[in-house]
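In what follows, a structure is listed as structure tokens, so that the remarks can point back to it.
Quick note: the coordinates plus some simple rules give every number you see, no bench work behind them. In this text, all values refer to a predicted model and were calculated from it rather than measured experimentally. In this analysis, Cβ positions are derived from the backbone assuming ideal geometry, glycine residues included, and neighbour counts consider all displayed protein chains.
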Amino acid sequence: MAEEFKIYTKGGDKGETSLLGGTRVPKSHERVEAYGNLDELNSFIGLIRDQDIQAHYRDVLIRIQENLFVAEALIARDPEKQTRDLPELSEDDIFILEKEIDAMNEELPPLSHFILPGGHPTVSYCHIARTVCRRAERSLIHLNQLSSVENIIIRFLNRLSDYLFVLARKIAKDCGSMETPWMAGK
């Protein structure tokens, strides 16, 4: 029988946590901030997946969530210590996002203005996830200035934010919601 995974360990009661590899760091550490932002993004993507959307979108979002867990694990490991083998992101993970973006864009009118987020709750959730994705990307870029981050993770997040923007537009179209263009100075 497998050992039960205990939720609380009391190890973080003094404001520290362990990276994969055992190194203790403050919970405010740049690496913890980066994987925390990825975790928040993953939660918002789960919220999108829970909406009344096409099954295909749900399947893609599950794969994205799995890839975000991979990214979280890669960021949570101590780069100075040998850790167990972890799964990796691949070029195929980025290609799938690009393929999905291209397929949705074929059904959307071209952009002529910036779009204000909103119009339908699911569309708004996509835009929230997009902005959290951009924050996660920024935190990874900051971390990369201090300690090397695999470039594929940053590239994956950059493409994911594009995917979430196009998904918002496609869901708006699917549910008959109007996009509100931003008209500067009006």
Check: Taking the Cα atoms of region 38-100, what is the range of coordinates along each of the three principal axes, in descending order and whole Å?
Finding: 44, 23, 15
Note to self: Going Cα to Cα from Lys173, which lysines come in below 28 Å? Please leave out same-chain ones fewer than 8 positions away.
What the structure shows: Lys99, Lys186
Checklist line | Within region 6-99, trypsin sites (Lys or Arg not before Pro) in DSSP loop having at most 16 other beta-carbon neighbours inside 10 Å | finding: Lys6, Lys10, Lys14, Lys27, Lys81, Arg84
Note to self: At q = 0.17, 0.20, 0.25 Å⁻¹, what log₁₀ I(q)/I(0) does region 58-143 have when each alpha carbon counts as one equal point scatterer in the Debye sum?
What the structure shows: -0.96, -1.22, -1.48
Next item on the list: Restrict the search to region 37-128; then list the GluC sites (Glu not before Pro) that DSSP places in a loop and that have at most 14 other Cβ atoms within 10 Å of their Cβ.
Entry: Glu80, Glu88, Glu106, Glu107
Next item on the list: Pull out the extension gain between Asp85 and Lys27, defined as 0.36 nm times the separation in residues minus the alpha carbon to alpha carbon distance; nm, one decimal.
Entry: 18.5 nm
Item checked: the chain - mean residue ellipticity at 222 nm from DSSP helices (-39,500 (n - 2.57) per run, n ≥ 4, rounded to 500) -> -20000 deg cm²/dmol
Margin query: Only four residue types carry charge here, +1 at the Cβ of Lys and Arg and -1 at the Cβ of Asp and Glu. Report the dipole size of region 119-177 about the Cα centre in Debye, rounded to the nearest 20.
Written below: 140 debye
Margin query: For Ile115, what residues show an amide H to amide H distance below 5 Å, using hydrogens built from the backbone and excluding near sequence neighbours?
Written below: Trp182
Notebook entry, point to check: In whole Å, how far is the Cα centre of region 163-186 from that of region 3-78?
Noted result: 29 Å
Notebook entry, point to check: Where does the longest stretch of the chain lie that holds no chymotrypsin sites (Phe, Trp or Tyr not before Pro) found in a DSSP loop with 13 or fewer other Cβ atoms within 10 Å?
Noted result: 9-113
Check: So for the pair Asp102, Asp13, with labels modelled 7 Å out along Cα→Cβ, what separation do we get in nm?
Finding: 5.6 nm
Check: Once label points are set 7 Å from the Cα along Cα→Cβ at both Phe114 and Ser147, what is their separation, rounded to one decimal in nm?
Finding: 3.5 nm
Notebook entry, point to check: In region 76-178, with Lys and Arg counted as +1 and Asp and Glu as -1 at Cβ, which of these residues, His113, Asn158, Leu143, has the Cα nearest the positive end of the dipole, that is, farthest along it?
Noted result: His113
